[in-house]
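What follows is one structure encoded as structure tokens, with my remarks underneath.
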Amino acid sequence: MVVDIKQKTKFSAQSIQQNIKVTFNYEVHFTNNIFNLKNPTLAQAIASDADKNPKKILALVDAGLLEFWPDLLSQITNYANFYAEVITLAAEPILIPGGEAAKNEPKLLEQIHKLIEAAGLCRHSYLLGIGGGAVLDLVGYAAATAHRGVRLIRIPTTVLAQNDSGIGVKNGINAFGKKNFLGTFAPPYAVINDSDFLTTLCDRDWRAGIAEAVKVALIKDANFFDFIWDHTTALANRDIDSMQQLIYRCAQLHLEHIAKAGDPFEIGSSRPLDFGHWAAHKIEQLTDYKLRHGEAVAIGIALDSTYSYLLGMLSHSDWQKILNTLFQLGFTLYVPELSEQSSIENPRCLFRGLTEFREHLGGELTLTLLQKIGQGIEVHEVDLLLYKQAISLLHGFEQQHQKLVITNRGER
């Protein structure tokens, strides 16, 4: 048979499909006095790396910590020197402004990238983030975007960071007036929770992180909510044992959701762990971030719980129990910004937060509400008039209970 090599055939390409499965492993450790030379937790976490050569580390520290831990930077340096076979400080520890300012200043990200480049860090090097959730979000974003991923070890120093933001897989900064507009999903190499840092928190920061525990208990674990209810006085009075139990269970529930709920990087339209957060993120912005994230979350939880009650899904007794728990923990459940502007076209309208919440993921609007304590339910439509009624109820609840507080103080 003779083949005509000059004969032209049209090339037909079929689609190529590939399925990639990536497994992420990281441990959350619980300890105290992490930089004590007799505490090997951090060194052991780094030494677990298959490459046994000393690893370059750049430590980025929340500047606010130095008020209560003035020797912290020297402790980090001494620790690295003591464990020199494992750790090599690539530069002296660097201070980062704490609080939401860390996420609102784009130049900070550029500065961290410059430090990483100047120190010669690579993908087998480590950024050590030490601080509250905002600092960890910034440091995590810098780690994820330098070399497409420098290893990150988080040392959260607030309740909220130890039980929620610091143990998860999200990193990010604020941009265009929107919360976490820029960010990545990048799991840390390890997380180390040191309970000693909690002892020097101000009352607001101690309390704020409890809101995330209330949140996850309401949507996932009624028994955990009962624990919080039973320990409101102990938690409000800064009982460290109760707080350690709360942080551990809260962290456990968050990690179980991330690992087992089927959507760790939020590819879909659902964010059940952000129950109460659509309003919280907008309230933070409307108050110029004067509220802590957890304080705004408490208001968001109260609002969505009240809306769930008005929808007829949540019983009156459960609704009252939720509001009373938050109030007895010390949270304010109403701020004027909730009802400052009623027109959805106004950028200061709370309900713009619904659109921004949906836009953050894309797809259809998906909110988690409550059927009962310990059981969330997803909805895709909202009744704004009913939400306005919920705001009015919260305002009335806050006024009534504040009067009781003032009266009780006067009687004493």
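The values are calculated or read from the model by the stated rules, or taken from the named source; none is laboratory data. Keep in mind that this is a model prediction, so the values were computed, not measured. Neighbour counts are summed over all protein chains in view; Cβ atoms, including those assigned to glycine, are modelled from backbone coordinates with ideal geometry.
Here are the numbers for the structure shown:
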item: Test: Gly376 is on the phi > 0 side of the Ramachandran plot and touching a residue at least 60 places away in the same chain (Cβ under 8 Å); result: no
item: Every pair of residues 6+ apart whose Cβ atoms lie under 6 Å, when the first sits in the stretch 379-396 and is closer than 14 Å to Ala279 by Cβ while the second is surrounded by fewer than 16 Cβ atoms within 10 Å (Cβ to Cβ) and modelled with pLDDT under 95; result: Ile391/Ser339
item: Those residues of the stretch 148-174 which are among the hydrophobic types (A, V, I, L, M, F, W, C) and assigned to a helix (DSSP H, G or I), in sequence order; result: Val159, Leu160, Ala161, Ile167
item: Residue match in the stretch 281-291 (condition: outside any loop (DSSP other than H, G, I, E, B) and surrounded by fewer than 16 Cβ atoms within 10 Å (Cβ to Cβ)); result: no
item: Residue in the stretch 292-339 that is nearest to Phe397 (Cα to Cα), counting only those that are surrounded by fewer than 19 Cβ atoms within 10 Å (Cβ to Cβ) and among the hydrophobic types (A, V, I, L, M, F, W, C); result: Leu310
item: Flag if Lys55 is buried (at least 19 other Cβ atoms within 10 Å of the Cβ) and among the basic types (Lys, Arg); result: yes
item: Every residue from the stretch 167-181 that is aliphatic (A, V, I, L, M) and crowded, with 18+ Cβ neighbours inside 10 Å; result: Ile167, Val169, Ile173
item: Where Phe265 falls short, out of the listed (1) part of a loop (DSSP other than H, G, I, E, B); (2) surrounded by 23 or more Cβ atoms within 10 Å (Cβ to Cβ); result: (2)
item: Pairs, first at positive phi in the stretch 328-352, second surrounded by 15 or more Cβ atoms within 10 Å (Cβ to Cβ) and among the basic types (Lys, Arg), C-beta under 9 Å, six or more apart; result: Gly330/Arg207
item: Residue in the stretch 17-47 that is modelled with the highest pLDDT, counting only those that are of a type in the set (Ser, Thr, Tyr) and out of contact with any Ser or Thr (no Cβ under 8 Å at 6 or more places or on another chain); result: Tyr26
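Residues are listed down the side, and each one gets a yes or a no for (1) closer than 15 Å to Ser165 by Cα; (2) within 16 Å of the chain's Cα centre (by Cα); (3) acidic (Asp, Glu):
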{"residue": "Glu256", "(1), (2), (3)": "yes, yes, yes"}
{"residue": "Ser269", "(1), (2), (3)": "no, no, no"}
{"residue": "Val297", "(1), (2), (3)": "yes, yes, no"}
{"residue": "Gly300", "(1), (2), (3)": "no, yes, no"}
{"residue": "Thr306", "(1), (2), (3)": "no, no, no"}
